[in-house]
Amino acid sequence: MMDRRGLLAGMGGAVVAAGIPSVSTAAPAGLIRPPRLREGDVVGLVEPAGFTDDAFDLDLVKETIRAMGLKPKAAPHLVERYGYLAGKDADRAADVNAMYADPEVKAVFAVRGGWGCARMLPYLDFRTIRANPKLLTGFSDITALHLAFAARAGFTTIHGPNAWGKLSWDSFRAVAFDGATPTYVNPVGAEDRLVPRSGRIRTFGGGKASGRLLGGNLTVLTALMGTPWLPDFTGAILFVEETNEAEYRIDRMLTQLSLAGILPKLAGFVFGQCTSCTATGVSYGGFTLSEVLQQHLAPLGIPAFQGALFGHIANQFSLPVGARAEIDADAGTIRLLESAVS
């Protein structure tokens, strides 16, 4: 499930040198940058969604954290299980709250996604979280936390991997450790066994656009529509990815974002990878994913492209949610305009 051994082999010398709290109204004005990671820092491991039932996977997670030069600290309920969740909602939220209240912990890593983050949002103590900015890293269902933090906490988080190939590690290190402002561009000839032609891009609206990077998993984002946990998308660069969703479902979700007024507010749009997103039992005449995206994005008249390397793939970019970035839809690039960390 998590390919961590590749990182351990490839990093080498690079690492050597109960009750629901009241929800406050809005995030502080202006972007807050959490402290950058440094060798020797303690990072908290949480499972805010699905559970991990294989002790070997958790061992590999901790080994990977140590290979980064960091020290893992397991949350109290890390190995619990409640149905398909990693413990009850209040307990999973309590783990996140505890990590943000703990002065020893410098960042919080989600071990996996799955489903469940949205269930625990009302239990999060955003007063404590806002007062202690720390990088949160994860993707997939962790999108619910990224968006809620963007709306309520006001500091950057990282939509990034829990499987660490070389591209993943290099991207994460540049953002989280170095405070760099990289330009994300698909490597020439990049391939992933789950994503054929993964190095290619398709443009639906040319040009450049800049704005706040917001997004994550498309299903999770649309499931938060109508809740108080979404940030303002006006002038934003929306980035989304998906897995195991048929083309007509992607169409339905983009239609919902359009009817809700989110797509017309955007400055730019990037669709990453959509793994295993082909319908079964649908006739040959069905729309392809690119055709669906063309129908929704081209009429917006904004820079928009498909194919950036983020999503449910082994190697992906680490994108700082909340930070300002510029996209070039013709070149298929995303350039950070500010550091995600202090």
- Message: Quick check for me: using +1 on Lys/Arg Cβ and -1 on Asp/Glu Cβ, what's the dipole size of segment 202-342 about its Cα centre, in debye to the nearest 20?
- Response: 180
- Task: Among Phe177, Val96, Thr333, flag the residue with its Cα farthest along the positive direction of the charge dipole of the chain, charges on Cβ as +1 for Lys/Arg and -1 for Asp/Glu.
- Result: Phe177
- Item | Size of electric dipole in the chain: Cβ of Lys, Arg +1 and of Asp, Glu -1, about Cα centre, debye, nearest 20 | 580
- Carbon and sulfur %, accessible surface of the chain computed with the full protein complex present, 1.4 Å: 52
- Would you mind telling me the antiparallel percentage of the DSSP bridges in the chain, rounded to 5? 40
- Message: Pairing rule first: another cysteine's C-beta must sit under 4.7 Å. Under that rule, which cysteines of the chain stay single?
- Response: Cys117
- Item | Within segment 45-189, percent of DSSP bridges classed antiparallel, to nearest 5 | 20
- Message: Given the DSSP H assignment, sum -39500 (n - 2.57) over each helix run of at least 4 residues in the chain and divide by its residue total; what's the result at 222 nm in deg cm²/dmol, nearest 500?
- Response: -7500 deg cm²/dmol
- Can you work out the base-10 log of I(q)/I(0) for the chain at q = 0.09, 0.12, 0.15 1/Å, using the Debye formula on its C-alpha atoms alone? -0.44, -0.81, -1.31
- Item | DSSP bridge pairs, segment 207-342: antiparallel proportion in percent, nearest 5 | 40
- Message: At 1.4 Å probe radius, can you tell me the per residue accessible area of the chain in Å²?
- Response: 41
- For Lys71, the lysines lying under 29 Å Cα to Cα, once residues fewer than eight places off in the same chain are dropped, come out as Lys62, Lys88, Lys106, Lys134, Lys166
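The values are calculated or read from the model by the stated rules, or taken from the named source; none is laboratory data. Keep in mind that this is a model prediction, so the values were computed, not measured. Cβ coordinates were reconstructed from backbone atoms using ideal geometry, including for glycine residues, and neighbour counts include every protein chain displayed. Ligands, DNA and RNA are excluded from the accessible area calculation, which covers all protein heavy atoms including side chains. Shrake-Rupley method; radii C 1.70, N 1.55, O 1.52, S 1.80 Å.
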